[in-house]
Every structure is written in C-alpha cells, then in structure tokens.
Protein chains: 2
Amino acid sequence: MTEVSVPSDQAKNAVAPDARQHTEHGRERKQQLLDAAAELFADRGYAATRIADICQSAGVAKGLFYWYFPTKSALFAELVRTMRLRLRRTQAQAMDPLTDAVTRISQGAAASVQFMAENAAYFALLDVERSDPTIADVLKEGASVYLEDVCRLVEEGQRAGLIPDDKSDLLAVGVLGAVSSFSNSYRNGRLGTDLTVDELAAFVQRWVRNALA
Amino acid sequence: MTEVSVPSDQAKNAVAPDARQHTEHGRERKQQLLDAAAELFADRGYAATRIADICQSAGVAKGLFYWYFPTKSALFAELVRTMRLRLRRTQAQAMDPLTDAVTRISQGAAASVQFMAENAAYFALLDVERSDPTIADVLKEGASVYLEDVCRLVEEGQRAGLIPDDKSDLLAVGVLGAVSSFSNSYRNGRLGTDLTVDELAAFVQRWVRNALA
DNA sequence: AGCGTTCTTGACCGACGGGTCAAGATCGGG
DNA sequence: CCCGATCTTGACCCGTCGGTCAAGAACGCT
C-alpha cells in the first residue's frame, strides 16, 4: 500500500478536470461553457473561436476554462460526442422496425436531416478542419457507425429484392452524402426561406427512395 | 500629370506581387510554390501548413514567398481558382450537347468525380475551414455556378418530361451532394482499394440517374 | 469560527507563424 | 564593365492565443 504524500499546495489542482466530481453548481457552470462554445463554433468555426471568446460569452474568467476542460479540443470532443448520441437516438426512434429496409433507411435519413436542421450548432462541428489529431479522431469515430448501419440495411433490402444488386458500401455512402449535402445547403440558406424542415425531410425521403430503386 | 518621386531604395518592392511582370524563370518559381502548397494543403490541410513548410518544400527561403504572393490566403485563392477552371472544362467536355438533360447531368457528375479522384489536392482545398473571409469568399464563388448549371438542366429535363416535377434546386443539391460525398469517401480510402475511378464514376452515373427518375 | 474543498480570477508565459526588410546575388542589356 | 531590374536570403518583429498558476473568494460542514 503506497500512499503518495503531496504537499498541500501542490495538490490543489492535481486532479485532472475529467476526473473531478463536480458539484451541481459546477456541472451547471460546465454546461454554460459547452453551450457558449457550441454557439460560437457554429457561428464562426472552431479555429476562429478562442477560449477567451467562450469564457466571455459564458460570463467567466478565462482561467476557469481549465478547471473544467484540459484543452480546447477536449471540450470540442465532448460536444461532438454528446450531439452524436442525440442524433443516434433520433435516428433509431424514426425507424419503424416492422417495416422494410428501404423505408427504414429513408426514415432514418429524413430524421437525420430534421435533427441537423434543428441543431445547426451540431452540424457546424462537422465542418471543422482536421489538422488536430484529437479532432480528426473524434470526427472519424462516429461517421463510420451510421455508414455501417445503412450498409447493413442496404444488404437486407438487397436480399429482399427491394434494392438493386449494386455495391452496398457505395449505396450507403450515397445515403449519407444526401443527408449531409441537404442539411448543409439548408443551413447555409441556399434552399430559399420558404422551405420548411418537414418539406425538406420529405424530399430527402423521396430522393433516397428513388436512388435506391 | 502627377509623377510621384520615390527614393530608389524605397521603390524596390513598391510593386504588389500581383502586378508584377515575372520573367520566365520567375513564373516557373511561382509555379513551384503553388505546386508545393497544393500538395501540402492536401496532405495536412490549410491551417497546419505553414508558409515555412511551403518554401522548404519548394527549396527556397521563406522571404521569397512575398515576392510572389501578398499573403498566404492569396496563394490559396489562386490555387482554388485555377483548379476550378480545370474542373469546369472537364465537366463541359464530358457533356454531350446532343443528348438529353438527364444524360448530361449524369455525365457531368461522373466527370467531376473522376476529376476529383485524380486531383485529390484540389478536393482537399474545399475542406478548408472558412474563418478567413478571403477564403470563405473564394470557396463560395464557384460552388453556386455548378449548382445553377445543374438546376437549369434539371428544369430542361422536367420540361421534357424526363425528370419528376419536384423542386429543381433541391434536385440540383442532390446531384452536387452525390459528387462531393463519393469523391470524399474515395479520397479517404473508405471505399476499399479495389475500386477504380472508372467504376466509381460509372456508379455515380447510375446513382444520379436513379435519383432523378 | 475554523478548515478543507471547490471554484474563480487575470496577469503572465512562451510557442508559434504570418509577415518585414536590409543586404546581397544574379541576370540581361548596353 | 556598369547599371538597373529581378530575385533571394534569413534574422528579426510582433501579434495571437492556448495554457499556467498564485492568490483569493465562496461554500459547506463540524
């Protein structure tokens, strides 16, 4: 049993931010930082958003950031992971398990577009340049999971004779590509101001169904 | 007629890099810098590529960069514009003017995918984060031109009864989205190593045709 | 009140990278 | 050879921003 004796002064910040048990107030404060960051990243991008900006927006001093997060990219990673979980839940809820593969794929695609249109902040996170290895890894993590899901559904549809016998991985890329390009254009205001999210989601369903026919 | 008298020492670098008449040797040197930059941007991204890296790769001293380019983003803008022209030429050549709109759209899409697969450097330029206004403007410039072209073709196809009466701008976004998502996945090695560019282009043609059916 | 813990502040540090510029090399023409 | 123009060098400058940390405030428990 080895007990490490650390002088009291030096032990003050020896616990990594990730390993801390925050109080309720601390958790609220942390969330404020995350919310501020999400909004600023969406507005200006990751690189152009400074930690000072985030703290100013959250109404705290810059040094406080490091009580809650070890680095800027660690905050980013946490943001992405949280949003990704929410997206996955949205997708799963939209897919009716009692229906056929094509319908499920297109339901999932429509739900994704809907989620992304309603959560522009999340979508903007995916536009970040991947020069930082931490960031590149985090962004890569989730992308392949949805791709594999869709790929599996495509293969199921092919076995049922609902989808042509083309390469399932390419078809899956096509579905994911549709989701991201429509969401991106909606977010950038390229689709006109009279288009509702529901109309867009319905269109994406048709697009995906047609492409898989 | 006002002639400005400038001391000879101060006039030495008074001409902006853009306004210079370079010698043949100078033009070659400039191209070396552009080539080196294109490769490094593709490999590591814009932000992570320093001017020092570009100069080292081109085998020149860092200060020389500013004889040829006023800023880093000016070099980037020139790169993007050059590549965009080449892409447009490739697209135009691939579209048979004697055939129907759907065929032309899908031919253009296939040619774009082919070009991008064979010019990874160009495609990587489009992944750059848009925090620098100069960069954001340059990237925005060209994107809408192709979109308008495709939109016009879609409308032509709709008048001819070849394409359903859905929103043409959305259908055009779908085509462009397909081009970029397939190119991106190919570039990232997500499509397996046995897929050739020709096979990919052929697949994209089928995908676009189906989606517009 | 005292104490330990959590939280908060903001001046400071140092690495980084875009950009500067004086000095000098090279080239081409007369 | 001389001269003017083009090109080239690399030490230096300076602003930027992520991260540090000593000092102190606030909180909760005994």
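Listing for the model above:
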{"item": "Residue identified as more than 9 Å from chain A (Cβ to nearest Cβ) and either touching a Pro at 6+ places or on another chain (Cβ under 7 Å) or in contact (Cβ under 8 Å) with a residue 24 or more places away in the chain (or both) among B:LEU147, B:LEU162, B:LEU212, B:LEU200", "result": "B:LEU162"}
{"item": "Matching option when the condition is closer than 22 Å to A:LEU176 by Cβ and outside the structural domain of B:GLY45 (by TED's automatic domain parsing), among B:THR193, B:THR134", "result": "B:THR193"}
{"item": "Residue within the range A:63-73 that is without any contact (Cβ under 8 Å) to a residue 60 or more places away in the chain and under 24 Å from A:VAL150 (Cβ atoms) present", "result": "no"}
{"item": "Residue check, A:ALA136 surrounded by fewer than 17 Cβ atoms within 10 Å (Cβ to Cβ) and of a type in the set (Gly, Ala, Ser)", "result": "yes"}
{"item": "The range A:78-113, residues that are crowded, with 19+ Cβ neighbours inside 10 Å, among the polar types (S, T, N, Q) and away from chain B (no Cβ under 14 Å)", "result": "A:GLN91, A:GLN107"}
{"item": "Residues of the range A:78-134 satisfying the condition of being farther than 22 Å from B:ASN184 by Cα and of a type in the set (Asp, Glu)", "result": "A:GLU78, A:ASP96, A:ASP100, A:GLU118"}
{"item": "Meets criteria (closer than 24 Å to B:LEU34 by Cβ, buried (at least 17 other Cβ atoms within 10 Å of the Cβ) and at the interface with chain A (Cβ under 8 Å from one of its Cβ atoms)) for B:ASP169", "result": "no"}
{"item": "Elements of type helices (runs of 4 or more DSSP H) in the range B:70-173, at least 1 residues being touching an Asp or Glu at 6+ places or on another chain (Cβ under 8 Å) and hydroxyl-bearing (Ser, Thr, Tyr)", "result": "B:72-94, B:101-118"}
{"item": "Leading residue by the ranking (surrounded by the fewest Cβ atoms within 10 Å (Cβ to Cβ)) among those in the range B:17-42 that are touching a residue at least 24 places away in the same chain (Cβ under 8 Å) and closer than 24 Å to A:GLY45 by Cβ", "result": "B:ALA42"}
{"item": "Test: residue in the range A:149-165 that is in the same structural domain as A:ALA101 (by TED's automatic domain parsing) and at positive phi", "result": "yes"}
{"item": "Scan of the range B:25-65 for residues that are at pLDDT below 95, among the aromatic types (Phe, Trp, Tyr) and near DNA strand C (Cβ under 10 Å from one of its atoms), ordered by number", "result": "B:TYR46"}
{"item": "Qualifying positions in the range A:174-194 - without any contact (Cβ under 8 Å) to a residue 40 or more places away in the chain, at negative phi and either within 8 Å of chain B (Cβ to nearest Cβ) or assigned to a helix (DSSP H, G or I) (or both)", "result": "A:GLY174, A:LEU176, A:GLY177, A:SER181, A:SER185, A:ARG190, A:LEU191"}
{"item": "Among the residues listed as B:ALA160, B:ALA213, B:ALA124, the single one being under 13 Å from the mean Cα position of the chain (by Cα), surrounded by fewer than 22 Cβ atoms within 10 Å (Cβ to Cβ) and either among the small types (Gly, Ala, Ser) or farther than 29 Å from A:ASP43 by Cα (or both)", "result": "B:ALA124"}
{"item": "Filter result for the condition that a residue is within 14 Å of chain A (Cβ to nearest Cβ) and within 15 Å of DNA strand D (Cβ to nearest atom), over B:ASP53, B:ASP35", "result": "B:ASP53"}
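The values are calculated or read from the model by the stated rules, or taken from the named source; none is laboratory data. Because the structure is a prediction, the values reported are computed rather than measured. A quick note on method: Cβ atoms are made from the backbone with ideal geometry, for glycine too, and the neighbour counts reach across all protein chains shown.
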